[in-house]
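Okay, so here's the structure we're looking at.
The values are calculated or read from the model by the stated rules, or taken from the named source; none is laboratory data. Keep in mind that this is a model prediction, so the values were computed, not measured. Note that each Cβ is placed from the backbone with ideal geometry, even for glycine, and that neighbours are counted across all protein chains shown. In case anyone asks, the SASA skips ligands and DNA or RNA and just uses the protein heavy atoms, side chains included. Shrake-Rupley method; radii C 1.70, N 1.55, O 1.52, S 1.80 Å.
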Amino acid sequence: MRRDMAFIIEILKETELKEQPFFMESGQMENALVQYNVGLAVDHGLVKASSSILDNVPTYLITGLTWSGHEFLDAVRNDGVLTQAKSMAKEKGSKLFDLPFEVVKALVTKAAQSYFLGS
């Protein structure tokens, strides 16, 4: 399976809109890949969900965002912050969403602080 950071951000956006627990729809992606990425969002403390196994695939009933999920989503939703974080990653020879999640989170946080506080 592969991690898709852009899709994880979409999971956060979709979760923010829902008022009731829901299963993430697969759309064009294979359901196992969708559930894998939802699981990553859960593992990293971004999304609250309960899990079960359906057709040999871990399946998550998403119940909401965590505080960290809201904070991360707020930071990446701002185009200026996201552009600055991408630029910081590019300076080091990488694409932002190819980095480990903790590094992405740290760069986005640093970019948000710089963007809004000038530090």
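Quick one: in region 92-119, which of the residues that are modelled with pLDDT of 90 or more and polar (S, T, N, Q) is farthest from VAL76 (Cα to Cα)?
Ranking the qualifying residues of region 92-119, first place goes to SER94.
With respect to GLY80, determine if the residue is more than 15 Å from ALA6 (Cβ to Cβ) and either within 13 Å of the chain's Cα centre (by Cα) or part of a helix (DSSP H, G or I) (or both).
So GLY80 passes the test.
Could you say which residue among GLY27, GLY45, GLY69 is at positive phi and either in contact (Cβ under 8 Å) with a residue 40 or more places away in the chain or under 17 Å from the mean Cα position of the chain (by Cα) (or both)?
It is GLY45.
Could you please find all residues in region 84-112 being more than 14 Å from the chain's Cα centre (by Cα) and open to solvent by 90 Å² or more (accessible area, probe 1.4 Å)?
The answer is LYS86, LYS90, GLU91, LYS92, LYS95, LYS110.
Select from region 26-69 the residues that are of a type outside the set (Phe, Trp, Tyr), in a helix (DSSP H, G or I) and buried (at least 17 other Cβ atoms within 10 Å of the Cβ) and list them in ascending order.
Result: VAL34, GLN35, ASN37, VAL38, GLY39, LEU40, ALA41, VAL42, GLY69.
Considering TYR60, TYR36, which residue is under 20 Å from ARG2 (Cα atoms) and in contact with a strand residue (DSSP E or B) (Cβ under 7 Å, 6 or more places away or on another chain)?
TYR60
Just the residues that are surrounded by 14 or more Cβ atoms within 10 Å (Cβ to Cβ) and in a helix (DSSP H, G or I), please, taken from region 15-25.
Selection gives THR15, GLU16.
Any residue in region 75-99 that is over 11 Å from ALA112 (Cβ atoms) and of a type in the set (Asp, Glu) sitting within a Cβ distance under 8 Å of a residue that is assigned to a loop (DSSP other than H, G, I, E, B) and open to solvent by 100 Å² or more (accessible area, probe 1.4 Å)? List the pairs, counting only those 6 or more apart or interchain.
Filtered contacts from region 75-99: no entries.
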